[in-house]
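This report concerns only the one structure given below.
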Amino acid sequence: MDDAPARAHFLDLVFDGLSEAIRVRAPEEAMDTIRLLFSGWPWREGAAEAPHLRIARSGAGYAVDVPGLEPQPAANAVEAAHMLVGSLIARLIRGRDSLISLHAASFQARAGLIVCLGASFAGKSSIGLHAAAQGARFFGDDRIVVELGSTPHGIAQGLPPKLRLPVPEEAGDAFRRFLDAHRVREGQGLLWLDLDVAAAASFGEARKLAGFVLLDHSDGAATSIAPASRAETTKALLRHAFAPGVPVADLVGHMAALAAAVPADTVRFASSREAVAAVLARHGGPA
């Protein structure tokens, strides 16, 4: 890794319950995206001291250096900045066995928080933003922390919504107007939006879980929604859960209990707009 020290920038993320700030070091062009991503987190400009997480120029691209892992390559500064999200959330929940991170979109319906599980390119960002455009309060399009227990809660991470471009034709004019009204930045094939506190949850805000949605995106499919079994839900949760330091056997038990506590549906869809409408109808409409 070969960025020049004089051009490096430092940022400290300061959280209650942690003994020290999490220090990030990155070149200016990556730090610009980091400040956008974590604008809702408690941070301050950091001192030029040993960082916990580091982004550096490496050849024609970048490398992301996270303790315990080999440096990970990134094609550009935007990709490198996004790669920090998982590592930062991992530091926040490490050692707190009641917290897990899920790779999921989430939004608030009248019944409570809806968490949509899906692989990369399954349409999570599109689902989250279509929900916001249809009046549901946005909680996240990629990550959410869940507090386990008899009444599981989802905890917003306050990350700005983003969408891959181009916007599909089927998205509709109302959705395009929503994007135009809230766009804040565009680049590297992504569009970032800025939603106010009435439309999007802030960092640390929590709501009771009302349902999981297992996303099954299939081009040309008619939209359908049907209950998912506990076994299907447990498997999906295990695929998309991250809980550093929690033994695998314990994690399996936690996810089985979560699947038993929260109902789930499988939604097969080609249109994110129609999928969201079906989910909101199932859970009493937007909130």
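The values are calculated or read from the model by the stated rules, or taken from the named source; none is laboratory data. Keep in mind it's a predicted model, so treat the numbers as computed, not measured. Please note: Cβ atoms are built from the backbone with ideal geometry, for glycine as well, and neighbour counts cover all protein chains shown.
So for the range 232-248 (the condition being without any contact (Cβ under 8 Å) to a residue 60 or more places away in the chain and among the small types (Gly, Ala, Ser)), does at least one residue qualify?
Checked against the condition, which is being without any contact (Cβ under 8 Å) to a residue 60 or more places away in the chain and among the small types (Gly, Ala, Ser), the range 232-248 yields no hits at all.
Which of (1) buried (at least 19 other Cβ atoms within 10 Å of the Cβ); (2) modelled with pLDDT of 95 or more is the odd one out, the single condition ARG110 does not satisfy?
Against the list (1) buried (at least 19 other Cβ atoms within 10 Å of the Cβ); (2) modelled with pLDDT of 95 or more, ARG110 comes up short only on (1).
Has the range 66-89 got any residue that is on the phi > 0 side of the Ramachandran plot and surrounded by fewer than 21 Cβ atoms within 10 Å (Cβ to Cβ)?
For the range 66-89, residues on the phi > 0 side of the Ramachandran plot and surrounded by fewer than 21 Cβ atoms within 10 Å (Cβ to Cβ): present.
Assess whether ALA56 counts as being touching an Asp or Glu at 6+ places or on another chain (Cβ under 6 Å) and buried (at least 18 other Cβ atoms within 10 Å of the Cβ).
yes
Tell me the strands (runs of 3 or more DSSP E) entirely within the range 170-287 that contain at least 2 residues that are over 21 Å from the mean Cα position of the chain (by Cα) and surrounded by fewer than 19 Cβ atoms within 10 Å (Cβ to Cβ).
Qualifying strands (runs of 3 or more DSSP E): 224-227.
Let's see how each residue does on (1) hydrophobic (A, V, I, L, M, F, W, C); (2) not assigned by TED's automatic domain parsing to the domain that holds ASP219:
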site: VAL78; (1), (2): yes, yes
site: ILE89; (1), (2): yes, yes
site: VAL145; (1), (2): yes, no
site: SER150; (1), (2): no, no
site: VAL167; (1), (2): yes, no
site: ALA171; (1), (2): yes, no
site: VAL184; (1), (2): yes, no
site: GLY187; (1), (2): no, no
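Of all residues in the range 268-287, how many are under 19 Å from ALA231 (Cβ atoms) and touching a residue at least 60 places away in the same chain (Cβ under 8 Å)?
Adding up the residues that qualify gives 0.
Determine whether GLY118 is at pLDDT below 95, surrounded by fewer than 24 Cβ atoms within 10 Å (Cβ to Cβ) and in contact with a helix residue (DSSP H, G or I) (Cβ under 6 Å, 6 or more places away or on another chain). First the steps, then the outcome.
Working: at pLDDT below 95: yes; surrounded by fewer than 24 Cβ atoms within 10 Å (Cβ to Cβ): yes; in contact with a helix residue (DSSP H, G or I) (Cβ under 6 Å, 6 or more places away or on another chain): yes.
Here the answer is yes, as GLY118 does meet what is asked.
Restricting to the range 135-169, give me the number of residues that are part of a loop (DSSP other than H, G, I, E, B) and of a type outside the set (Gly, Ala, Ser).
Final tally of qualifying residues: 13.
Taking the range 87-126, which residues are touching a residue at least 40 places away in the same chain (Cβ under 8 Å) and among the polar types (S, T, N, Q)?
SER98, SER101, SER106, GLN108, SER126
Could you list all residues from the range 90-105 that are outside any strand (DSSP E or B), surrounded by fewer than 21 Cβ atoms within 10 Å (Cβ to Cβ) and modelled with pLDDT of 90 or more?
Passing the criteria: only SER98.
Working only within the range 41-71, note down all residues that are in a strand (DSSP E or B) and closer than 27 Å to GLY245 by Cα.
Matches in the range 41-71: TRP43, LEU53, ARG54, ILE55, ALA63, VAL64, ASP65.
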